[in-house]
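The structure appears right after this line, and notes come after that.
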Amino acid sequence: MSDDQRNEMHNVLNMAAGSSCSPLTQSQCDPAEKKHRKELVLFGRMLHKRHYVSGCDGNLSVRMDGDRVLTTPTGMCKALLKPEHMVLVDLQGRKLDGHLQPSTELQMHLTIYQRRPDVGAVVHAHPCVATGIGCAGMSLTEPICSELVLTLGEIPLAPYAVPGTPALSESLLPFIFDHEAILMQNHGVVAYGQTLSQAYLNMETVEHSARIMLVARLMGSQKVLDTEQVCHLLDLKAKRRAPRAHLRAENSNSHS
């Protein structure tokens, strides 16, 4: 994360910290929940600042525990979010707390949580270049950039489905398990990760990779990495992740 992003995060968290607990319920004043509410405000504003959303577009959510999710509300600009605007729901989408209604695309988030117990946050947005590539019926599966191979790998394209309907979740099912981000044809992008920060950064990676792909195609000389080069990068990626997986396993065992 860049210095500018860290400074922005610090400023937004300070602003959110100024909110008193008076308009919040007792559960909303729980320290862990307050932290997640502030983070949803932060990354919602960052999505808006980077023009990944406009108007009331986009939605974000965080898994609170095994069966509760904190989500942004429907019909609200992400630049204007406040901690008390967030809505608490269960994994079936039933509202548990909050005076606003949850995102109309909540089911998409819940489907990802249900299929991926390791996922702790989901971000949906409409970054212009990545969304445009999806509207052209294209995916980001060609290895044209080493960084994409080392981070998200292939970013598939899910077929079009009407937003906010069960069909949208169904269109994502073949891709959720093996990927951390998915292009949605004629719609946008959904990215997810263990934390909200990681889910947001995955969204940034998608848009950055889409811009690189667009420039390469406009130049008319796209050079795709060959099989040997991709295999070398995948080996490097596996070596980088192995120590992290070992540490996660040790941490899990220490708390069991």
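Could you pull out the residue among VAL119, VAL69 that is more than 18 Å from VAL41 (Cα to Cα) and either in contact (Cβ under 8 Å) with a residue 60 or more places away in the chain or in contact with a Ser or Thr (Cβ under 8 Å, 6 or more places away or on another chain) (or both)?
VAL119
Scan the stretch 186-200 and give yes if some residue there is of a type in the set (Phe, Trp, Tyr) and within 18 Å of the chain's Cα centre (by Cα), otherwise no.
Yes, the conditions are met somewhere in the stretch 186-200.
What's the number of the only condition in (1) outside any helix (DSSP H, G or I); (2) surrounded by fewer than 19 Cβ atoms within 10 Å (Cβ to Cβ) that GLN114 fails to meet?
Result: GLN114 passes all but (1).
Answer yes or no: is there a residue in the stretch 57-79 that is part of a helix (DSSP H, G or I), in the same structural domain as THR195 (by TED's automatic domain parsing) and modelled with pLDDT of 95 or more.
yes
Which residue out of VAL162, VAL89, VAL129, VAL189 is part of a loop (DSSP other than H, G, I, E, B) and either at pLDDT 95 or above or not assigned by TED's automatic domain parsing to the domain that holds GLY55 (or both)?
VAL162
Taking only the stretch 91-108 into account, find how many residues are more than 26 Å from PRO174 (Cβ to Cβ), surrounded by fewer than 18 Cβ atoms within 10 Å (Cβ to Cβ) and touching a strand residue (DSSP E or B) at 6+ places or on another chain (Cβ under 8 Å).
Qualifying residue count, the stretch 91-108: 5.
Answer yes or no as to whether HIS124 is closer than 19 Å to SER209 by Cβ and touching a residue at least 40 places away in the same chain (Cβ under 8 Å).
Answer is yes for this residue.
Which residues, taken from the stretch 59-103, are among the small types (Gly, Ala, Ser) and farther than 18 Å from THR195 by Cβ?
Answer for the stretch 59-103, where residues must be among the small types (Gly, Ala, Ser) and farther than 18 Å from THR195 by Cβ: GLY75, ALA79, GLY93, GLY98, SER103.
Could you tell me whether the stretch 151-159 includes any residue that is assigned to a helix (DSSP H, G or I), at pLDDT 95 or above and not acidic (Asp, Glu)?
no
Do the conditions hold for SER197, that is, is it modelled with pLDDT under 95 and hydroxyl-bearing (Ser, Thr, Tyr)?
No.
The values are calculated or read from the model by the stated rules, or taken from the named source; none is laboratory data. Just so it is clear, the structure is predicted and the values come from calculations on it, not from any experiment. All Cβ positions, even for glycine, are placed from backbone atoms using ideal geometry, and neighbour counts span all protein chains on display.
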